[in-house]
Amino acid sequence: MDQGQYIPYPSYNYNDTDQHRLAVEAKIKPNSFMNPNQLEAVVKPLRALDFHQTQTGRWPEEDEWEYGAHHEAEWCRICHIGYFQSPINIDPDITFKSAEFLHRPHFPIRLHYHPTSLKGNFNAKTFIVQGNLGNLAVNSFIHQDQSRIFDEAQFHFHAPSEHLLNGRRYDLEMHVVHKERSNTNNIAVLGFVFKEDGVRNPFIDQVIRSSLEPTYIDMNLLIPQKSGVFYYEGSLTTPPAFETVLWFVVGHVLSVNREQLEFFARQWGMNPAFAGGKGNYRELQPPNGRAVIYFE
Ligand SMILES: [Zn+2]
């Protein structure tokens, strides 16, 4: 890799857009009186860090489905919809702080990304940048010295966001999709939510430039130095909606400015010709007894 062409940006400056993430954190109840149902709800996702179920089947073409509530009702013909669907509202009532019930420190992921020259493009449903930017290691919960390696395959955008934090929908969400090296049916998605607050995001500048020409994209520009992550077991948010996804939603809400947001949103959420102007997000799915675990 030729690092010589890579021009670093100034370090990213976070502002007060974390207030809703902080609202989720503040409302998470103490776990000291966890009942047996809640215990089961947090044990299951911890086990899934080590043993995750694979699901396979046909992958529908992009033109076989549409966004919008009445269209989504038809997805069941081409999907595999069970009880573990995504996206969800990350609600404080179903969110548990790991530090309050784990007897040892555990953070579920480690990220290894390197700047890579890639070209992005709009397809019928999203803006997607394909190519490998590195990997995400899922740390074993049971065997503390082991991890599962998921290679980054593509990242793409939804406007407005698919996940809600404490009931709030944000302006933009990015999904970084990783496939497990030893079984590519297993998927880990790292999600980032963005709020339009007038602050230019240097990573998004790189992404937008990649629509014109291959551009060095540095995921490290985006990753907050210190941020918690919300983790739960879920699904792809597009058909075939396989329930094969370990979801990690970064707690920090990131900034974009108006011009950057419009690059994406004018295709979807600001476009009445696309899903009635609703945007390219899937409707919220019921948690069905699932817990979200917040790792600090
Ligand atoms: Zn997505």
Examine the range 99-107 for a residue that is surrounded by 20 or more Cβ atoms within 10 Å (Cβ to Cβ) and either more than 22 Å from Ile204 (Cβ to Cβ) or under 17 Å from the mean Cα position of the chain (by Cα) (or both), and state whether such a residue exists. no
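Given the criteria of a type in the set (A, V, I, L, M) and either in a loop (DSSP other than H, G, I, E, B) or at pLDDT below 95 (or both), does Leu246 qualify?
Values: of a type in the set (A, V, I, L, M): yes; either in a loop (DSSP other than H, G, I, E, B) or at pLDDT below 95 (or both): no.
When the stated conditions are applied, Leu246 does not pass them.
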What tally of residues in the range 224-237 results from selecting those that are surrounded by fewer than 21 Cβ atoms within 10 Å (Cβ to Cβ) and within 13 Å of the ligand (Cβ to nearest atom)? 0
Identify the single condition in (1) within 16 Å of the ligand (Cβ to nearest atom); (2) β-branched (Val, Ile, Thr); (3) under 21 Å from Phe107 (Cβ atoms) that Ile128 does not satisfy, given that it satisfies every other one. (3)
Could you say which residue among Asn185, Asn201 is in contact (Cβ under 8 Å) with a residue 60 or more places away in the chain and either closer than 14 Å to His52 by Cα or within 14 Å of the ligand (Cβ to nearest atom) (or both)? Asn185
Gly167 meets each of (1) among the small types (Gly, Ala, Ser); (2) modelled with pLDDT under 95; (3) under 13 Å from the mean Cα position of the chain (by Cα) with one exception, condition (3)
Single residue of Ile28, Ile7 found to be among the hydrophobic types (A, V, I, L, M, F, W, C), surrounded by 14 or more Cβ atoms within 10 Å (Cβ to Cβ) and modelled with pLDDT under 80: Ile28
So, Pro272, is that one surrounded by fewer than 20 Cβ atoms within 10 Å (Cβ to Cβ), free of Cβ contacts under 8 Å to residues at least 24 places away in the same chain and more than 21 Å from Glu152 (Cα to Cα) or not? yes
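Pro272 - would you say it is more than 20 Å from Leu133 (Cβ to Cβ), assigned to a loop (DSSP other than H, G, I, E, B) and away from the ligand (no atom under 16 Å from the Cβ)? If you could, list the steps in order and put the result at the bottom.
On the way: more than 20 Å from Leu133 (Cβ to Cβ): yes; assigned to a loop (DSSP other than H, G, I, E, B): yes; away from the ligand (no atom under 16 Å from the Cβ): yes.
So Pro272 fits the description; yes.
Kindly indicate whether any position in the range 108-120 is within 16 Å of the ligand (Cβ to nearest atom), farther than 15 Å from Tyr231 by Cβ, more than 16 Å from the chain's Cα centre (by Cα) and in contact (Cβ under 8 Å) with a residue 24 or more places away in the chain. Lay out the reasoning, then the answer.
Of the range 108-120, the ones within 16 Å of the ligand (Cβ to nearest atom) are 120.
Among the residues that remain, those that are also farther than 15 Å from Tyr231 by Cβ are: 120.
Subset that is more than 16 Å from the chain's Cα centre (by Cα): 120.
Subsequent filtering for residues that are in contact (Cβ under 8 Å) with a residue 24 or more places away in the chain retains 120.
Within the range 108-120, one or more residues are within 16 Å of the ligand (Cβ to nearest atom), farther than 15 Å from Tyr231 by Cβ, more than 16 Å from the chain's Cα centre (by Cα) and in contact (Cβ under 8 Å) with a residue 24 or more places away in the chain.
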If a residue counts only when it is of a type in the set (A, V, I, L, M), which strands (runs of 3 or more DSSP E) contained entirely in the range 122-231 have at least 3 such residues? 134-139, 172-180, 183-196
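For (1) surrounded by fewer than 17 Cβ atoms within 10 Å (Cβ to Cβ); (2) within 14 Å of the ligand (Cβ to nearest atom); (3) free of Cβ contacts under 8 Å to residues at least 40 places away in the same chain; (4) acidic (Asp, Glu), each residue gets a yes or a no:
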position: Gly191; (1), (2), (3), (4): no, yes, no, no
position: Leu212; (1), (2), (3), (4): yes, no, yes, no
position: Asp218; (1), (2), (3), (4): no, no, no, yes
position: Leu221; (1), (2), (3), (4): no, no, no, no
position: Pro240; (1), (2), (3), (4): no, yes, no, no
Exactly one of these conditions fails for Arg168: (1) within 16 Å of the ligand (Cβ to nearest atom); (2) in contact with a helix residue (DSSP H, G or I) (Cβ under 9 Å, 6 or more places away or on another chain); (3) of a type in the set (D, E, K, R). Give me its number. (1)
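The values are calculated or read from the model by the stated rules, or taken from the named source; none is laboratory data. Worth saying up front: this structure is predicted, and the values here are computed from it rather than measured. Here Cβ is always computed from backbone atoms with ideal geometry, including for glycine, and neighbour counts include all displayed protein chains.
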